[in-house]
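**Student:** Below are the structure tokens for one structure; questions will follow.
The values are calculated or read from the model by the stated rules, or taken from the named source; none is laboratory data. For clarity, every value in this text was computed on a predicted model and none was experimentally measured. When the accessible area is computed, the model is the full protein with side chains, heavy atoms only, and any ligands, DNA or RNA have been set aside. Shrake-Rupley method; radii C 1.70, N 1.55, O 1.52, S 1.80 Å.
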Amino acid sequence: MLSYLHAFHAGNFADVHKHIGLFLALRLLQKKPSAVACFDTHGGSASYDLEGERPRKTGEADEGIRKLWACRDDLQHPLWKEVWRLLDGPDSPGGETLRFYPGSPAWFEQLARDQDRFTVFELHSGESQRLHDWARTRRVDVRAEDGFTGLLRALPPKEPRLLTLIDPPYEVKDDYLTTAETVIKAWQRCRHGVYLVWYPILPDARHEAMIRRLQDSPVRKVLHSQYRLETPPERGMAGSGLLLVNPPWEWAGLMESMLEEVRSSGAIDARQRIDWAVPEA
Ligand code: SAM
């Protein structure tokens, strides 16, 4: 049975890291007019009410996106304006304290152009029903099925370009190796595809086995972005990690600039490090 619900964590520092990474990857791919096939293997909900019972229970968004929102006038990079527009859309007005936060399906859907196509998988019945309701008036293909196998069945796409977010809950420890195996198989079906994997940095460091599996595979060009809290909690997540296969040109530099601004604004006290998990050759 699936018990993970992202509403407890929506808008935390790790979501900021992941969604800025996703935003940049898609925006950079869209510099060319050719269509992008977009896949989100583990969608969660499309919108989170940060005043709801679950987010209020953890207060994680208060230390993440809500702090960033409060500092938004201090952030200079021109791309932030697009991010604020996304957070302050017609469906989810930002307001003074930022009441609603978009999940990854809403980031994809709002950024997609006419020629792009977006498919989202979600296995949890309640979450997939919410996604279906949200998608009713949108160009989104919602599939209530396993995202790992669903993605592989859908590849290669008919569009010339591909962006996939793989963001499992890791409540099943196999998720780490299943993620690595899925990236390897997906890459074999679409070698030029861009694959973005999120994982938590936890004391058991299980993500290291996932990275080793990728390093031992034929997959090349994997960037590794680690975003670590300066003062991690005694238990729980010390940081957020992203792996990006076939990173678009400029992604690393833009991540560094934007997240450095987040740190210097005082919104989130975390440091980023980007290096190659697997280099080109
Ligand atoms: N990607 C979302 C975002 O950034 O807003 C958060 C996703 S949350 C970390 C993981 C989601 O995956 C949960 O909603 C969970 O129900 C769903 N899930 C778990 N196992 C799954 C599977 N095998 N296939 C598809 N969805 C799954």
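**Student:** Assign one of three labels to the stretch 6-77, namely rounded, prolate or oblate, based on the Cα gyration tensor with a ≥ b ≥ c the square roots of its eigenvalues; rounded applies when a/c is under 1.5, prolate when it is not and a/b is larger than b/c, and oblate otherwise.
**Tutor:** Since a/c reaches 1.5 but b/c is at least a/b, the shape of the stretch 6-77 is classed as oblate.
**Student:** Okay, next question. If you average 1/r across every pair of different Cα atoms in the chain and take the reciprocal, what Kirkwood value do you get, in Å?
**Tutor:** 18.8 Å
**Student:** When the accessible area of the stretch 1-125 is computed with all protein chains present and a 1.4 Å probe, what percentage of it is carbon and sulfur?
**Tutor:** 51 percent
**Student:** Please report the carbon-and-sulfur percent of the accessible area for the stretch 129-278; probe 1.4 Å, protein heavy atoms only, DNA, RNA and ligands left out.
**Tutor:** 49 percent
**Student:** Less than 30 Å apart at the alpha-carbon level, and either on another chain or at least 8 residues along: which lysines does that give for K185?
**Tutor:** Correct list for K185: K18, K31, K32, K158, K173, K221.
**Student:** Please report the relative contact order for the chain, taking Cα pairs under 8 Å with a sequence separation of at least 6, and give it as a percent rounded to a whole number.
**Tutor:** Averaging sequence separation for qualifying contacts and normalising by length gives 23 percent for the chain.
**Student:** Follow-up question, since we're still on this one. Determine the gain in length on full extension of the stretch K173-A70; use 0.36 nm per residue of separation and subtract their C-alpha separation, reporting nm with one decimal.
**Tutor:** Going from the current span to full extension adds 33.5 nm.
**Student:** Something else now. Give me the accessible area of L223, 1.4 Å probe, in Å² rounded to the nearest 10.
**Tutor:** 10 Å²
**Student:** Enter the accessible area per residue of the chain (Å², integer; probe 1.4 Å; all protein chains in place).
**Tutor:** 45 Å²
**Student:** Something else: Quick check on the chain: helices-only [θ] at 222 nm, where DSSP H runs of length 4 and up contribute -39,500 (n - 2.57) each and the sum goes over total residues. Nearest 500, please.
**Tutor:** Counting only the DSSP helices, I get -11000 deg cm²/dmol.
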